[in-house]
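The values are calculated or read from the model by the stated rules, or taken from the named source; none is laboratory data. Since this is a predicted model, take the numbers as computed values, not measurements. Glycine also receives a Cβ, built like all others from the backbone with ideal geometry; neighbour counts cover every protein chain displayed. The protein model used for the area step is the full one, side chains on, heavy atoms only, and it has no ligands, DNA or RNA in it. Shrake-Rupley method; radii C 1.70, N 1.55, O 1.52, S 1.80 Å.
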Amino acid sequence: MTKLLLRVAAAAVLLVLLTLVGREVPAALAKVSTFRATDHEFHGLRFLTDETVLRTAGIGPEANLWDDPSAWEQRLQAHPLVRTASVGRRFPNTLTITVEERTPVGLVPRPTLEPVDREGRALPLDPSRFPLDYPILRPGSVDGVEREEEFSAVQLRELAAAAETIRQESDFWSGVSEVRPGPHGGFEVQWGADGALVLFRMAKPVELRRIREGMAALKDARERTEDRWPRSVDLRFANLVILGWEDTA
């Protein structure tokens, strides 16, 4: 306990020196073993492990709290699963590492299912390690026939952005199995619950308010038709929710 208090006191004195002397001090302090980073605190990790973060950042056993963290942050941000990263210090011996990971919003068939984030960026996630329960993002169809070619980067980004917006409406998102471009613009979203499959047609950009209105109309329709499900919910026209009861194929 006494040693710890002495180390904390030494840290306080050196911090005062730093403010008095200027920027020449950190380079010298980085060589002082008292400030060696023996502990690490991680925030924001879901897919990455602590060990992967340390290895990617290049934070080794000789790392010091007074080392310049910018190089560590740059290496982390170069990782395909990292959106942003920051490394801070908590005296006397702890580095705090905060990572914002890229989150999957859908799976693209290429031909195996590949997770992508809201920008359409492919994510190196192993489906055998992580349960990737996300909707499939498809190029869409022409006259009811699925297109074989893959969509462009711009189309994929639009589709991924739409999926990211839809994801914010969690009750609806849990039933979404597929998102694709609509034949006349906008998006088509395949949604299912209790054995039913309903096609939602949405305009660009996707609005959470319209999704809620569509779900409310769907619930009302079920209550008035003895749990019979509509085949489609059309949200493309302002202030209108159009339910379709015939096959949408």
Residue check for ASN93: modelled with pLDDT under 95, in contact with an Asp or Glu (Cβ under 6 Å, 6 or more places away or on another chain) and either surrounded by fewer than 13 Cβ atoms within 10 Å (Cβ to Cβ) or not aliphatic (A, V, I, L, M) (or both): yes
Condition set open to solvent by 40 Å² or more (accessible area, probe 1.4 Å) and part of a strand (DSSP E or B), scope the range 103-131, selection farthest from THR49 (Cα to Cα): answer is PRO109
- prompt: Taking ARG110, is it basic (Lys, Arg) and at pLDDT 95 or above?
  reply: no
Flagged in the range 186-204 as out of contact with any strand residue (DSSP E or B) (no Cβ under 8 Å at 6 or more places or on another chain) and either of a type in the set (A, V, I, L, M, F, W, C) or modelled with pLDDT of 95 or more (or both), in numbering order, are ALA193, ALA196
When (1) modelled with pLDDT of 95 or more; (2) more than 25 Å from GLU207 (Cα to Cα) are applied to ARG121, the one that fails is (2)
Test: residue in the range 206-223 that is on the phi > 0 side of the Ramachandran plot and open to solvent by 80 Å² or more (accessible area, probe 1.4 Å):
no
Listed by first then second residue, the pairs whose first member lies in the range 57-77 and is part of a strand (DSSP E or B) and among the β-branched types (Val, Ile, Thr), whose partner is modelled with pLDDT under 95 and open to solvent by less than 40 Å² (accessible area, probe 1.4 Å), with beta carbons under 6 Å and at least 6 positions apart or on separate chains, are none
